[in-house]
Amino acid sequence: MSSIYIETYGCQMNFADSEVVNSILGKEGYTTTKDINLADYILINTCAIRDNAEQRIRKRLHELKALQRQHPQLRIGILGCMAERLKTQLLEEEDNVSFVVGPDAYRKLPTILQLVQKGEKTAETELSTEETYSDIQPVRIDGNGISAYISIMRGCQNFCAYCVVPYTRGRERSRDPHSIIEDAQMLFSQGYKEVTLLGQNVNSYRFTEADGTLVGFPELMERVAQVSPLLRVRFATSHPKDLSDELLQVMAKYPNICRCIHLPVQSGNDRMLKLMNRHYTTEWYLNRIDAIRRYLPDCSITTDVIAGFCSETEEEHQDTLAMFRTVRYDYAYMFKFSLRPNTYAEKHLHDDVPEEVKTRRLEEIIKLQGEIALENNQKEIGRVYEVLVEGTSHRSKEQLFGRNSQNKVIVFDRGNHQPGTYVNVKVTNCTAATLIGEVVEQA
Ligand code: 5AD
Ligand code: SF4
């Protein structure tokens, strides 16, 4: 039987989708290989969020030409956001691509592969308003057997002015809570200790049950947290406009809901936020930060930020730096603005901040965030955390690494400890990115 190799780029949602694809094809008898040289089909699950994400895929396709010369039967398919964005254009532009499949069309993959085997080229990129792959049990790829993603909703309709996602992933829809709970229970019974609930905007999760009851995100979280106190629950991503006190109250009630909130700020300036169509002001955002600190004093806060959005002035950039100084994020994903086709920004605004200015502003944010992260970590020295052990440290075989509830990575001496267990670790040292510690008997 034919063998598939799946390569995934982009966000956690894409990694979760690759597991759905793995499941769909596995049921049809395809086997997955971890050795690209043994593959009959290479599926590349792609991201379209910034231009450099797409350039990377184009380069990868070029590299794969050598492998295709050695294995003339090998077929390559593009899945995910870049597939959705470019559709048949990808077949025209990249001569070594045989099939293009958008995020809502993965159920068609078995049929598509049959066509491809007959020598046809094909693109399936129809978006759906209903598809959630609810009934498909994802088959984990490269997992550590300890932590897994569960997709709880798909799509996004916030239409931030810079963002391509509403066009590549379609309308927002929530998955049936029963299938989410079943997934969590099943993972826990298989030995998993941590699940991350995924959606582009998890706070707007809402599902209407057959009897008319509405299940919102706080209630869903509560149900997942009740699967077991030994199952950690994380979630991403929260939109600041929808982060409710009710959710924070549920988090406070369940110690196994992890103390980490990813709250993308994007900019620290009100004019920019309005232009970005974010639906909140800096005042609102800071009010949400205060609420997090009030309900969950030990919660870490992380963010996304964009440097050099259309017409951003030097003062407005300074406002972003000021926001970073005020909130003191534990971690940040920091990006230069990249103008994306079809977005509001492309149609109505001007990408007028010069490249070198964007680069300099981004560097300033990165430098400041590095200092803040180090200072935050230094304050951790002496504290004891419950750590879920994930595996052997990349630097030394004698050390293990894991994460605390705040999602910070902690490295410590192996001793007799095993991945998949909880240990208490006292922080003894740190860098800006990692805590270093030693195992202690109790918290
Ligand atoms: N340019 C730069 N960064 C972007 N992001 C989304 N769209 C763009 C873009 N066009 C960033 C945002 C978002 C994260 C996933 O990627 O910060 O939160
Ligand atoms: Fe994920 Fe957005 Fe990239 Fe699509 S475009 S893979 S949704 S980050």
Review point. Under 7 Å by Cβ, and 6 or more places apart or on different chains, what pairs join a residue from the stretch 47-70 that is at pLDDT 95 or above with one that is assigned to a helix (DSSP H, G or I) and charged (D, E, K, R)?
Key: ALA48/GLU54; ALA48/ARG85
Practice item. Select from the stretch 78-97 the residues that are over 25 Å from the mean Cα position of the chain (by Cα) and in contact (Cβ under 8 Å) with a residue 24 or more places away in the chain and list them in ascending order. Key: THR88, LEU91, GLU94, ASN96, VAL97
Review point. If you take the residues of the stretch 329-355 that are over 12 Å from GLY308 (Cα atoms) and among the charged types (D, E, K, R), which of them is surrounded by the most Cβ atoms within 10 Å (Cβ to Cβ)?
Key: ARG340
Check your understanding: For the stretch 104-144, how many residues are among the hydroxyl-bearing types (Ser, Thr, Tyr), surrounded by fewer than 16 Cβ atoms within 10 Å (Cβ to Cβ) and outside any loop (DSSP other than H, G, I, E, B)?
Key -> 1
Practice item. Of all residues in the stretch 339-390, count the ones that are closer than 17 Å to THR320 by Cβ and of a type in the set (Ser, Thr, Tyr). Key: 1
Practice item. Please name all residue pairs, on different chains or six or more residues apart, with Cβ atoms under 7 Å, provided the first residue is in the stretch 225-238 and is within 16 Å of ligand 1 (Cβ to nearest atom) and the second residue is part of a loop (DSSP other than H, G, I, E, B) and among the hydroxyl-bearing types (Ser, Thr, Tyr). Key: none
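Here is a yes/no grid of residues against (1) more than 16 Å from ligand 2 (Cβ to nearest atom); (2) more than 25 Å from THR132 (Cα to Cα); (3) not hydrophobic (A, V, I, L, M, F, W, C):
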site	(1), (2), (3)
SER2	yes, yes, yes
MET13	no, no, no
LEU61	yes, yes, no
GLN73	yes, yes, yes
LEU79	no, no, no
MET82	no, no, no
LEU86	no, no, no
Check your understanding: Are any of the residues in the stretch 169-180 closer than 28 Å to ASP35 by Cα and within 16 Å of ligand 2 (Cβ to nearest atom)?
Key -> no
Review point. Does any residue in the stretch 331-344 that is touching a residue at least 24 places away in the same chain (Cβ under 8 Å) and among the charged types (D, E, K, R) come within less than 6 Å, Cβ to Cβ, of a residue that is more than 6 Å from ligand 1 (Cβ to nearest atom) and part of a loop (DSSP other than H, G, I, E, B) six or more places away or on a different chain, and which pairs are these?
Key: LYS336/GLY308; ARG340/VAL164
**Study point:** Tally, over the stretch 303-316, of residues that are under 12 Å from GLU363 (Cα atoms) and not hydrophobic (A, V, I, L, M, F, W, C)
**Key:** 1
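Residues that are closer than 18 Å to ASN256 by Cβ: find the strands (runs of 3 or more DSSP E) completely inside the stretch 380-443 holding 3 or more of those.
Hits in the stretch 380-443: 384-392, 422-430.
Against the definition (in contact (Cβ under 8 Å) with a residue 40 or more places away in the chain, in a strand (DSSP E or B) and either within 16 Å of ligand 1 (Cβ to nearest atom) or closer than 17 Å to LEU113 by Cα (or both)), how does ILE6 come out, yes or no?
Working: in contact (Cβ under 8 Å) with a residue 40 or more places away in the chain: yes; in a strand (DSSP E or B): yes; either within 16 Å of ligand 1 (Cβ to nearest atom) or closer than 17 Å to LEU113 by Cα (or both): yes.
When the stated conditions are applied, ILE6 passes them.
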Check your understanding: Which condition number in (1) surrounded by 21 or more Cβ atoms within 10 Å (Cβ to Cβ); (2) within 16 Å of ligand 2 (Cβ to nearest atom); (3) within 19 Å of ILE257 (Cβ to Cβ) is the one that TYR162 fails?
Key -> (3)
Point to revise | Some residue of the stretch 175-194 being over 30 Å from VAL389 (Cβ atoms), among the charged types (D, E, K, R), at pLDDT 95 or above and within 17 Å of the chain's Cα centre (by Cα) | key: no
Practice item. Would you mention how many residues in the stretch 154-208 are more than 16 Å from ligand 1 (Cβ to nearest atom), hydroxyl-bearing (Ser, Thr, Tyr) and closer than 27 Å to LEU273 by Cα? Key: 2
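The values are calculated or read from the model by the stated rules, or taken from the named source; none is laboratory data. Remember, it's a predicted structure, so these values are computed and weren't measured experimentally. So basically every Cβ, Gly included, is an ideal-geometry build from the backbone, and we count neighbours across all protein chains shown.
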